[in-house]
Amino acid sequence: MSRGNGLAIAALVLGVLAVVLFWTVFGGFLLGLLALVFGIIGARKARGGRAPHGTMSIVGAVLGALAMIATAVIIAVGASILNSDEFKDFDDCVQQAETQSERDACAEDFNRDVNN
């Protein structure tokens, strides 16, 4: 009787979902972490001869780790932009703007500040 490795399948599915949804905290980090954990456990079972699909477990774990790294990079970049002086100036400008044309001018100033 052939035994399956449900952890390997779960790791691969979660790893693929994490890579697809890496731009969200839930998708990238949480699913990536689950893929990594399930992948490691599945690979250890396969290496011990208690389950098949060791390669599938490793692929799921690697995809999960890559998604977690990509999510961390996106969070770091987003936090850096939100904490920048240019963004604070833009936010102040938009808060004080009363018309759409004033908000558009704020956006143009922000783009000019960021690109210089």
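The values are calculated or read from the model by the stated rules, or taken from the named source; none is laboratory data. Everything numeric in this text was worked out from a predicted model, so none of it was measured. Using ideal geometry, Cβ is built from the backbone for each residue, glycine included, and neighbour counts are taken over all protein chains shown. Please note that ligands, DNA and RNA were not included when accessible areas were found on the heavy atoms of the full protein model with its side chains. Shrake-Rupley method; radii C 1.70, N 1.55, O 1.52, S 1.80 Å.
Within the stretch 77-88, how many residues are open to solvent by less than 90 Å² (accessible area, probe 1.4 Å) and not β-branched (Val, Ile, Thr)? Steps first, please.
Applying the first criterion (open to solvent by less than 90 Å² (accessible area, probe 1.4 Å)) to the stretch 77-88 yields 77-81, 84, 86-87.
Remaining after also requiring not β-branched (Val, Ile, Thr): 78-80, 84, 86-87.
Matching residues across the stretch 77-88 total 6.
What pairs come up if the first residue lies in the stretch 82-100 and is within 14 Å of Asn111 (Cα to Cα) and free of Cβ contacts under 8 Å to residues at least 24 places away in the same chain, the second is among the aromatic types (Phe, Trp, Tyr) and surrounded by 10 or more Cβ atoms within 10 Å (Cβ to Cβ), and their beta carbons are under 8 Å apart, counting only those six or more places apart or on different chains?
From the stretch 82-100, the pairs are Phe87/Phe110; Phe90/Phe110; Cys93/Phe110.
Just to be sure I understand, how many residues within the stretch 20-44 are crowded, with 19+ Cβ neighbours inside 10 Å and closer than 18 Å to Val77 by Cβ?
4
Restricting to the stretch 97-114, name every residue that is open to solvent by 90 Å² or more (accessible area, probe 1.4 Å) and at pLDDT below 90.
First pass over the stretch 97-114, keeping only residues open to solvent by 90 Å² or more (accessible area, probe 1.4 Å): 98, 100, 108, 112.
Correct list: Glu98, Glu108, Arg112.
Looking at the stretch 1-45, which of its residues are at pLDDT below 85 and touching a helix residue (DSSP H, G or I) at 6+ places or on another chain (Cβ under 6 Å)?
Of the residues in the stretch 1-45, the ones at pLDDT below 85 are 1-5, 25-26.
Within the stretch 1-45, Asn5 is the sole residue that qualifies.
Inside the chain, counting only helices (runs of 4 or more DSSP H) that do not spill past its ends, which hold 2 or more residues that are among the β-branched types (Val, Ile, Thr)? Working first, answer last.
Numbers: elements: 6-20, 31-47, 54-82, 85-96, 100-115.
The helices (runs of 4 or more DSSP H) meeting that bar are 6-20, 31-47, 54-82.
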